[in-house]
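Notes follow once the structure below has been shown.
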Amino acid sequence: MLNSVLIETPNGGLTTFLSLFPLTSPVTMITRLAASNVPIEQLLLGLVILAVTTYGIIVYSARFFRADTLLSFNALNFKRIVQEIRR
């Protein structure tokens, strides 16, 4: 949806935000790299943010989907989810 914005203003504020935001970073950064020169700092920052976010999601998913959590007969609610993630 935002390809025209990405191509017209590859170094604009919205485009820079989207290239650093982890969910849109891979596609947006590749589009920016094809459309113009991207500062190396932004490229490295995007990679670091993406790596840290990926690591965090894996850690929290592993905490939640442990065998004792999945095999328990307790009802799943928001309070229990928060407790399992904090462990």
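Could you check the range 31-53 and list, in sequence order, the residues that are among the β-branched types (Val, Ile, Thr) and either closer than 28 Å to residue 4 by Cα or at pLDDT below 95 (or both)? Don't jump to the end; show me each part of the working.
Of the range 31-53, the ones among the β-branched types (Val, Ile, Thr) are 31, 38, 40, 48-49, 52-53.
Those that are among the β-branched types (Val, Ile, Thr) and either closer than 28 Å to residue 4 by Cα or at pLDDT below 95 (or both): 31, 38, 40, 48, 49, 53.
Name every residue in the range 1-19 that is within 12 Å of residue 46 (Cβ to Cβ) and surrounded by fewer than 18 Cβ atoms within 10 Å (Cβ to Cβ), in order of residue number.
The answer is 17, and nothing else.
The values are calculated or read from the model by the stated rules, or taken from the named source; none is laboratory data. Everything numeric in this text was worked out from a predicted model, so none of it was measured. Heads up, the Cβs are rebuilt from the backbone with ideal geometry, glycines too, and the neighbour counts pull from every protein chain shown.
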